[in-house]
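Asks: After the structure tokens below, expect a handful of questions from me.
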Amino acid sequence: MEAFIGWMNGWIWSSALIYLCLGAGLFYSILTRFMQVRLFKEMLRLLFKGESNNEGISSFQALAVALSGRVGMGNIAGVAAAIGFGGPGAVFWMWMVAFLGAATAYVESTLAQIYKEKDPLTGEYRGGPAYYFERALGNKGYAVVFAICAIIAEAFFLPGVQANGVVEAVVQVGGEGTRYGALAIILIVLAVIIFGGIRRIANFTQFVVPFMAGGYIVMALIIMAMNFEQVPHVFGMIIGDAFTAQAGFGAAIGWGVKRGVYSNEAGQGSGPHMAGAAHVAHPAQQGLVQAFSVYVDTLFVCSATAFMILSTGMYNIKGSLENGFLVQNVDAATEISSPAFTQMAMNSTFGSFGDIFVAVAIFFFAFTTILAYYYIAEVNVAYLTRKMGAGAQKIGLFLVKCSVMAAAAYGGLSSAGYIWGVGDVGVGLMAWLNIVGLLVVFFIAKPALVALKDYEKQRKAGITDYTFDPKKLGIKDATFWEDRLNDK
């Protein structure tokens, strides 16, 4: 099975997908005139605008739930793996994925808002790639394929990666005897929250995610301050290695893009599910908020991890030969695809407290990510069963809850390398389907770009009460917004 997963990853994460991720980000950056730079202040302003209602959550809650999915093991163990296999230059390519991916995140999240629906069974807003592929492409078959792949990835493949990281971090601190206890706590708390739906998830993540991300970045800044003389050297390694990486240019860009997409999820198609749940006045507003979440994930949290590891020298770089290292600073037995490098970096500065802090950070980062995975699977189950009646949806959601918990339990007991490979398959399948679909949508109708132009026009005119009229803009099948405008 491990060999099969490796073969699948080699096929899915070929150079084609890597350059497709970067190319799509560059394509949309140019078309939006680099909105990720031009509208940065507007992104910040919109973070705290808007309120939740009975059908949808607020912009900030949607950001928090999206960040709970973006900020996870990819920010701690994923960065360590990128450095360990691709060298310091991989961090540069993670930055590039974030910068360019912010434009992709805008497009996919705005599409989720434009084509969102009100769930006929729960009354909640639902949106995501399956919804916008059906309406914007007029291709229900492609939408169904994405929904099925998303359920498989988010409910079966990905929860194990996060649970594995939590358990391994606890074991690093407390020893092997703590493995089952840590796993039991994860499963109990997970069950309590996911059986409470999107509102319970949103209420939990809007407090936990900002607190933990802020605390983690502060700890990283302290380490950087204590190793201040190393900061210029770290920048030099990252930039210099980006094109002449010690692990080879291909390894640097490959691991940087792979872990960048895994971490910030721009283009993967996961963020739009949360974006579609938000209650906003104009679709572009949530697109801008979600673009900012990519910055928070990679440019802030991932960079914090990278600078901790590189400034303290707590890393190895794997070579092409079996058991060979291009750089070996720590024990050769240290698992690269784990939080170990990060914990060692913290430990070198803060002693045993560093180990404990990373374990706690990983617990909250990874746990909230599992919640986001569940919600994404829930939205796609709702999409597939929305015309089958309440009974079919309830059964589907119950099965997804059980599968998420089973996957988490399995991941907590599996080897780190194998379970990360399974997770990469899930991410890659969704990314292929979503990015190709986004590009096809552009050539058919350009709805996200039309929405951005309309929003900027209203903003320039000084309008405070934004409206969105899809028919006037030539956008078809945006029935939610048509009905909302008629109700007004």
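Readers should treat all values here as calculations from the given coordinates under stated rules, not as data from a laboratory. This one's a predicted model, so the numbers in the text were calculated from it and none came from an experiment. Here the Cβ is made from the backbone with ideal geometry for all residues, glycine too, and neighbour counts use every protein chain on show.
Asks: Using alpha carbons only, how many degrees (0 to 90, rounded to 10) separate the axis of helix 231-241 from the longest principal axis of the chain?
Replies: Roughly 80 degrees between the two axes.
Asks: Taking +1 at the Cβ of each Lys and Arg and -1 at the Cβ of each Asp and Glu, which of Val167, Ile444, Ala278 sits farthest along the dipole of the range 2-487 towards its positive end, judged by Cα position relative to the Cα centre?
Replies: In the range 2-487, that residue is Ile444.
Asks: Here's another thing I want to ask about it. When a/c reaches 1.5 or more, the comparison of a/b and b/c decides; with that in mind, is the range 357-473 rounded, prolate or oblate per its Cα gyration tensor?
Replies: The shape class here is prolate.
Asks: Given axes a ≥ b ≥ c from the Cα gyration tensor, I'd like to know whether the range 267-363 is rounded (a/c under 1.5), prolate (a/b larger than b/c) or oblate.
Replies: prolate
Asks: Can you work out ³J(HN,Hα) from phi for every residue in the range 450-457, in order, using Karplus 6.51 cos²θ - 1.76 cosθ + 1.60 and θ = phi - 60°, giving whole Hz and x for Gly and Pro?
Replies: Per-residue couplings from phi come out as 5, 5, 5, 4, 5, 5, 5, 5 Hz.
Asks: Follow-up. Going Cα to Cα from Lys258, which lysines come in below 20 Å? Please leave out same-chain ones fewer than 8 positions away.
Replies: Correct list for Lys258: Lys318.
Asks: Give me the percent relative contact order of the chain, please, defined on Cα pairs under 8 angstrom at least 6 residues apart. Intermediate values should be presented prior to the final figure.
Replies: On the way: 905 pairs, mean separation 161.2, N = 488.
For the chain, the relative contact order is 33 percent.
Asks: Can you give me the angle between helix 390-412 and the longest principal axis of the chain, using Cα atoms only, in degrees from 0 to 90, rounded to the nearest 10?
Replies: With rounding to tens, the tilt is 10 degrees.
Asks: Follow-up question, since we're still on this one. Determine the dipole magnitude for the range 2-487: charges of +1 sit on the beta-carbon of Lys and Arg, -1 on that of Asp and Glu, nothing else is charged, the reference point is the Cα centre, and the result goes in debye to the nearest 20.
Replies: Dipole of the range 2-487, to the nearest 20 debye: 1240 debye.
Asks: Going toward the positive end of the dipole of the chain, with +1 on Lys and Arg Cβ and -1 on Asp and Glu Cβ, which of Gly86, Thr32, Asn316 do you reach last?
Replies: Positive-end residue among those listed: Thr32.
Asks: Report the equivalent ellipsoid semi-axes for the chain in whole Å, largest first, defined as the square roots of five times the eigenvalues of the gyration tensor built from alpha carbon atoms.
Replies: 35, 25, 21
Asks: Local charge sum around Gly412 (other residues, Cβ-Cβ under 11 Å, Lys/Arg +1, Asp/Glu -1)?
Replies: 0
Asks: Kindly express, to the nearest 10 degrees and within the range 0 to 90, the angle between helix 340-350's C-alpha long axis and the longest C-alpha principal axis of the chain.
Replies: Tilt of helix 340-350: around 70 degrees.
Asks: For a quick protection proxy, order the peptides 275-285, 22-32 by their average other-Cβ count within 10 Å, most packed first.
Replies: Packing proxy ranking, top to bottom: 275-285, 22-32.
Asks: Quick one: 3J(HN,Hα) in Hz for the range 80-91, Karplus 6.51/-1.76/1.60 with θ = phi - 60°, rounded, Gly and Pro as x.
Replies: So the J values, rounded to whole Hz, are 4, 5, 4, 5, x, 9, x, x, x, x, 4, 5.
Asks: Something else about it: Hey, which lysines would be in cross-link range of Lys140, C-alpha to C-alpha under 16 Å, not counting anything within fewer than 8 residues on its own chain?
Replies: Straight-line reach from Lys140, under 16 Å: Lys116, Lys387, Lys476.
Asks: Further question on the same structure: For Lys41, give me every one of the aspartates and glutamates with a C-alpha distance below 14 angstrom, ignoring sequence neighbours fewer than eight places off in its own chain.
Replies: Glu456
Asks: From the helices alone, meaning DSSP H stretches of at least four residues, give me the mean residue ellipticity at 222 nm for the chain, per-run term -39500 (n - 2.57), in deg cm²/dmol to the nearest 500.
Replies: Computed ellipticity for the chain at 222 nm equals -22500 deg cm²/dmol.
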